[in-house]
Structure formats: C-alpha cells, structure tokens
Amino acid sequence: MNRNGLRILSLVVSSYMLLALVWWTVLLSKENRTIKDLKIEILGLKQASKAYPSAEFRAIERTANRKSIMVLGEGIVFGLSLIIGLYLINRAYRRELAASDQQNNFLLAITHELKSPLTSMKMGLETLNRHHLTEDLKREIINDSILEGNRLESLINNLLLANKIDSKYKFEKQSLNVDEHITHYVNSQPQILLNQGIQLETNAGKVIYADEQALEIVYSNLIENASKYAKNTPLKIVTSRVGKNIIIKFEDQGVGIPIKYRKAVLNKFFRIGNEDTRTTKGTGLGLYIVKQIVEGHNGKLTIKDNIPQGCIIEIQIPISH
C-alpha cells in the first residue's frame with residue numbers, strides 16, 4: 001500500500017474510533033437517564049401519598065447527575081486525548097515523509113554531483129589521449145579538470161564535515177584577524193568563482209577566536225551559493241564591528257530566498273524545489289554546514305532581503321578578548 005493509501009486508511013480508522021466514542025457516550029447517557037426514571041417511578045409508587053420528595057428520591061437524583069457528569073467528562077477527556085494523539089501521530093507521519101523526501105532528494109543530488117565532475121575529468125583526459133591538440137587547448141582542458149577536481153574535493157569535504165558536525169566536532173580555534181583572513185581567502189580563489197566579481201569591504205579591524213579552516217568553508221559555501229543563484233551579478237562582502245560582535249555580510253543580487261523557506265534552508269538536505277526539475281547544482285548541505293560552524297563559534301546566522309533584489313547572509317561572531 002502506498003503513502004496515500006496508508007494515510008486514508010488511518011483517517012478512516014481514526015474517524016470510526018471518534019464516532020464510536022461519541023455514540024457510546026450518548027448511549028450511556030441515555031441509559032443513565034432511563035435507569036434514573038425507572039428508579040423514580042418505582043419510588044413514586046411507594047410514596048404516592050407523600051407531598052414532598054423524600055431523601056431517597058433526592059439521592060437518586062444526585063446519583064444520576066454524578067453518573068451523567070462522569071460519563072460526559074470521561075467521554076470529553078478520552079475524545080480530546082484521541083484527537084491530540086491523532087494530531088501528534090499525523091504530524092510525526094508528515095515529518096517522516098518530509099525527511100524521507102529530503103533524503104531521497106539528497107541521494108539524487110549527491111549522485112549527480114559526484115558523477116558530473118568525474119565525467120568531465122574523464123572526458124578531458126580522453127580528449128588529451130586521443131587527439132593532437134594545441135598547447136592552449138591542452139592547458140584549458142587541464143585547468144578545467146583541475147577545477148572539477150577541486151569541486152569534487154570540496155563536495156567530499158562538505159560531506160565529511162557534515163558528518164563530523166553531527167558527531168559534536170571540536171573546532172581548532174585560534175586568534176584571527178577577520179579582515180586579513182577573508183581578504184587572503186578571496187584573493188586565492190580560482191577565477192571561475194570570481195567571474196561575477198566580488199566587492200570586498202573590510203571595516204572590522206578586530207580579532208576573533210575561530211577555526212581558520214572552518215571559516216574558509218563558510219566563505220566557500222556562501223561564495224559558491226552566490227555563483228549559482230546570482231549569476232552574472234556582483235557579490236558584495238562587507239566586514240564590520242557592531243558592539244561586541246564582528247559582522248560579515250554576503251550581499252548578492254540573485255533570486256533571493258523566500259521568507260517561508262528561510263528556516264528550512266538551514267536544515268540538512270533541504271533544497272527549494274524538486275530534484276527532478278531543479279537545474280542548479282548542490283546537495284542541501286551548504287547552508288546547514290555554515291549555520292553549524294557559525295553556532296559552533298557562539299555566533300548567529302541571519303537571512304535577509306537585499307533591497308531591491310537578492311539576499312543577504314549575515315554572520316555575527318563575538319570578538320575575542
């Protein structure tokens with residue numbers, strides 16, 4: 001039976017149980033009233049000559065009222081418990097389905113992401129082996145293969161890091177000048193990542209206590225995201241100091257992230273859209289890893305709109321003392 005069939009079956013069974021509960025509550029209430037009426041009728045025959053109700057009559061009324069309240073109260077409690085239980089079960093069921101869909105999307109994405117650079121490198125090597133090429137063309141193919149190799153290495157590093165983070169990875173922190181560190185990283189990047197242009201403004205002028213390699217992974221993931229979702233537009237990176245925090249902003253002019261997805265995109269494996277129709281590369285790990293690294297440095301990650309268009313990823317990290 002498929003997912004929809006199981007869900008319909010569970011709804012039918014749950015509806016039946018709820019209706020049965022209502023039916024038995026009504027039936028017990030009616031039976032209680034019938035028993036009370038019979039007792040009163042019998043008592044009335046015995047005391048037909050009395051002008052006022054006896055203590056026995058009042059006792060019958062009290063007993064019947066208590067039983068009615070008991071039946072009604074137990075029915076309400078049981079009904080509410082059943083409704084709450086069904087709600088929790090249904091919510092857990094939806095979450096399991098969502099997690100399953102995300103993992104399936106991840107497997108599809110990771111398969112594509114692993115095969116794509118390998119296929120590209122294989123084709124480049126086969127071209128070099130089978131054809132007589134000019135030196136310029138050879139150099140171009142080799143450079144493309146190196147870039148694809150770097151991309152594959154970055155993907156594997158992300159997978160390994162995501163696994164380490166889930167296992168309470170310990171960051172190797174040291175004192176870092178944010179402005180110098182990010183400037184050196186940006187200047188060392190392959191030209192393919194810088195084609196749209198990076199505008200770097202460094203105004204922090206302070207040292208933080210951080211894991212150097214982990215921060216480079218943050219920069220790499222956010223720059224790569226901008227290169228995918230904000231093609232042919234400049235990426236602006238700004239460092240500053242606000243109070244006791246260093247702020248690093250990545251401001252692009254791409255498609256942006258809708259408000260309803262801003263929490264979800266920070267979860268593992270989540271990507272907007274369906275893997276069968278999505279055209280951009282990715283595994284749904286980038287922003288998850290960025291968030292975990294930032295929080296591992298006692299920092300905070302925020303996603304904002306970039307007016308008039310695009311997205312701002314803002315990172316806050318405490319200044320070292």
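The values are calculated or read from the model by the stated rules, or taken from the named source; none is laboratory data. Just so it is clear, the model here is predicted, and its values are computed rather than measured. Here the Cβ positions follow ideal geometry from the backbone for every residue, glycine too, while neighbour counts run over all protein chains shown. Each accessible area value is taken on the protein alone, full model and side chains, heavy atoms only, with ligands, DNA and RNA left out. Shrake-Rupley method; radii C 1.70, N 1.55, O 1.52, S 1.80 Å.
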Could you check ASN163 against (1) modelled with pLDDT of 80 or more; (2) over 24 Å from ILE237 (Cα atoms); (3) not hydroxyl-bearing (Ser, Thr, Tyr) and say which number it fails?
(1)
If you take the residues in the stretch 259-276 that are within 17 Å of LEU222 (Cα to Cα) and either part of a loop (DSSP other than H, G, I, E, B) or modelled with pLDDT under 80 (or both), which one is most open to solvent (accessible area, probe 1.4 Å)?
LYS263
When residues of the stretch 228-242 are filtered for being of a type outside the set (D, E, K, R) and over 19 Å from GLU201 (Cβ atoms), how many remain?
2
Give me the pairs: first residue in the stretch 277-306 and hydroxyl-bearing (Ser, Thr, Tyr) and part of a strand (DSSP E or B), second residue modelled with pLDDT of 90 or more and open to solvent by less than 20 Å² (accessible area, probe 1.4 Å), beta-carbon distance under 7 Å, and six or more apart or on different chains, which are they?
THR302/GLU314
Can you find even one residue in the stretch 106-115 that is modelled with pLDDT of 70 or more and closer than 30 Å to ASN150 by Cβ?
yes
Output the residue which, of all residues in the stretch 307-321 that are assigned to a loop (DSSP other than H, G, I, E, B) and either surrounded by fewer than 14 Cβ atoms within 10 Å (Cβ to Cβ) or under 22 Å from the mean Cα position of the chain (by Cα) (or both), is modelled with the highest pLDDT.
GLY310
Given (1) modelled with pLDDT of 75 or more; (2) among the β-branched types (Val, Ile, Thr); (3) open to solvent by less than 50 Å² (accessible area, probe 1.4 Å), THR119 misses just (3)
From the list ALA230, ALA210, which one is under 15 Å from ILE315 (Cα atoms), in contact (Cβ under 8 Å) with a residue 60 or more places away in the chain and small (Gly, Ala, Ser)?
ALA210
Name the single residue, out of those in the stretch 114-154 being touching a residue at least 12 places away in the same chain (Cβ under 8 Å) and of a type in the set (Asp, Glu), that is nearest to ILE217 (Cα to Cα).
GLU148
